[in-house]
Structures are given as C-alpha cells and as structure tokens.
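Trainee: Quick one: the structure is below, and I'll ask about it shortly.
The values are calculated or read from the model by the stated rules, or taken from the named source; none is laboratory data. Being a predicted model, the structure only gives us computed values, none of them experimental. When we count neighbours, we look across all protein chains shown, and the Cβ atoms used for this are built from the backbone with ideal geometry, even at glycine. Keep in mind that these areas ignore ligands, DNA and RNA; they rest on the heavy atoms of the full protein, side chains included. Shrake-Rupley method; radii C 1.70, N 1.55, O 1.52, S 1.80 Å.
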Amino acid sequence: MTAPHADQLIDGYLARIRIAAADLQAGVREELVADMRSHIEEARRRESNETDASILNILDRLGDPDIVVDEARQRPAGTTHAMPPAASTHGFDQWKLANLAVPGLLTFLFWPIGVVLLWYSTAWNRRDKIIGTVFTLGGYPWSFVFFQPLGHILADLGGPILSLVIGIPLFLLPAAAAGYLTYRLRCGYPIRAAMA
Amino acid sequence: MALIRQTPRYAFEMIEALGKTGMLTTEGTLYPLLSRLRRDGLVKTEWRESSDGPPRRYYELTSEGRRALGAFNAEWMTFRTAVDTILQEGKKS
C-alpha cells in the first residue's frame with residue numbers, strides 16, 4: 001500500500017535539500033539528492049503499512065535539510081583538528097583577498113599567486129572563484145597596465161566624460177570583487193566545530 | 001569507518017547500526033560524510049544487486065582508510081586512558 005501523499009511529501013523534502021544545497025557544486029548536490037532518495041525508498045520498502053505519517057517519520061529521521069547540507073560543507077575527512085579550514089584559514093583567505101585587489105599591497109606577481117591560492121582554497125565555491133579570477137581584472141597594477149591605454153582611447157573617442165563613465169566602474173570592479181569574496185567568506189560558509 | 005572495517009556495508013545498514021548506539025541523531029548527515037570519505041580516498045564504493053529492490057551502493061575501506069582508522073583508534077585509546085585515569089584519581093580523592 002502506498003501512502004496517498006508520498007510523492008508530494010518526498011518531492012517536497014528533496015526540493016528543500018536542493019534549495020539548502022544551492023551553493024554546493026552541482027555534482028555534490030545531485031549526489032546528495034540521489035542518496036536521500038535512495039534512502040527514502042529503502043526505508044519505504046521496510047514499512048509493512050505505509051501511511052503519510054510513516055513517510056513523515058522517515059523524513060524526520062533523515063533530518064532537517066539545512067543540517068544535512070551543512071554536513072556537506074564540513075572540512076575534508078581524515079584530519080584530526082577540531083576546527084574546519086574555513087576557520088583555520090580565515091585570516092589567510094583574507095590575505096588572499098588583499099593580494100587580489102588592494103592597491104598598495106600588490107605587485108605584479110601577487111595577483112597570479114592570489115588566484116592560485118584562491119582556486120586551492122576550500123572556502124569558496126567554483127562560481128565565487130570564477131568571479132574572483134575574472135572580475136579582479138588582474139589586480140590594480142595589471143589593470144592600470146591594461147586599462148590606461150583604454151582610457152586614452154576612450155578619451156580620444158568621447159572625451160574625458162566617456163573615459164570616466166567607463167573607467168570608474170572598471171576601476172572599482174577589483175575592489176567590488178574582493179568585497180564580494182569577503183562577504184561570501186563570512187556569510188556563505190558558517191564556521192562549525194567538526195567532530196574530532 | 002569502523003563499521004565497514006570487516007565487511008562492506010550499504011548506507012542504510014550503517015545508519016541502522018549507528019542508530020542502535022545512539023550516535024546518529026540526524027540520519028541524513030551520514031550521506032555527505034560518506035561522499036567526503038569517498039572523495040578523500042578513504043572509502044570506495046561498489047554497486048551490488050539487491051534481492052528486494054534496486055541496486056545498493058556498498059562502502060568499504062581503502063588501504064588509506066584503514067591507516068586513518070588505525071591512527072584514530074590509537075589516538076582514541078590514548079585519550080580514553082587519560083580520561084579514565086583522571087576520573088579514577090577524582091574518585092580516590
């Protein structure tokens with residue numbers, strides 16, 4: 001016997017898992033949803049008399065989607081430290097941000113180093129890493145090298161106004177990208193104590 | 001990992017075993033943990049046909065997983081001995 005609202009209850013739960021896992025990599029998210037669905041089907045087969053209440057009990061035992069998905073954001077397994085890398089590398093990740101955009105701290109070598117460290121970090125997802133790579137425009141030294149000639153061209157074409165209208169947003173873009181990465185570092189990955 | 005030290009098991013089986021010990025209050029959290037263990041090379045998986053339903057994914061330890069489990073076991077024994085000693089001292093005093 002099938003519970004009258006089984007599909008609705010299960011699809012609703014899995015949709016909440018997908019929403020909670022929206023910031024995870026697609027492969028990780030879909031694998032988690034597939035595992036949840038497989039578990040639910042296994043549990044249903046063991047029910048002698050399936051009802052809406054038994055379905056809800058299965059979903060309750062699986063747990064709140066936010067808690068389940070938070071487990072997927074924990075540090076890599078196999079380490080014995082108590083704190084996840086999001087906490088232990090917090091200051092180092094901010095140093096990477098500084099290397100990506102802040103004027104006065106950058107040299108022409110720091111931006112490539114910052115990008116390499118950004119991609120090796122576990123503190124941001126792929127989308128954030130792409131934003132941090134593309135929209136920092138090589139950091140301020142490199143952006144001055146590339147966009148100074150552009151500024152002259154724009155000034156020749158449309159006067160100083162055009163160069164300012166286009167130049168100012170481009171000038172602010174690396175700092176905005178670094179600000180976005182800072183926001184994601186602090187708000188997107190909550191720090192939790194991992195099990196030893 | 002200790003649950004699959006001797007024989008491969010599928011996730012639902014492990015959840016039932018952990019549920020009996022009271023160690024797992026949120027069953028769903030085992031799945032992302034198992035995925036991480038697999039990505040880190042500590043466990044490997046294999047699909048097997050099931051007599052009463054669709055195929056199941058079985059988990060077993062890799063050699064690296066066995067080393068990690070052995071290291072954790074050693075640390076745990078040291079920790080447990082230290083705590084037991086302190087608790088015994090506390091009882092005597």
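Trainee: Evaluated at 10 °C with a viscosity of 1.306 mPa s, what Stokes-Einstein diffusion coefficient in µm²/s does chain B have when Rh comes from the Kirkwood expression over alpha-carbon pairs? Mind dumping the intermediate values first?
Mentor: Details: Rh = 15.2 Å.
Diffusion coefficient, whole number: 104 µm²/s.
Trainee: Here is a follow-up. Tell me: how much accessible area in total is hidden between B and A, 1.4 Å probe, Å², nearest 100?
Mentor: Roughly 2100 Å².
Trainee: With a sphere of radius 15 Å drawn around the Cβ of A:Pro4, what net charge do the other residues whose Cβ falls strictly inside it have (Lys, Arg +1; Asp, Glu -1)?
Mentor: Net charge around A:Pro4: -4.
Trainee: Another one. Can you list the residues of segment A:20-35 that have at least 40 square angstrom less accessible area with all protein chains present than in their chain by itself, probe 1.4 Å?
Mentor: A:Glu31, A:Asp35
Trainee: Any idea of B:Leu42's accessible area? Nearest 10 Å², probe 1.4 Å.
Mentor: 10 Å²
Trainee: Could you tell me the relative contact order of chain B? Use alpha-carbon pairs under 8 Å, at least six residues apart, and round to a whole percent.
Mentor: 29 percent
Trainee: Just tell me which aspartates and glutamates come within less than 19 Å, Cα to Cα, of A:Lys129; anything on the same chain fewer than 8 places away is out.
Mentor: A:Asp23, A:Asp93
Trainee: Another one. What does the structure give for A:38-46 when I average, per residue, the other chain Cβ atoms found within 10 Å of the residue Cβ?
Mentor: 5
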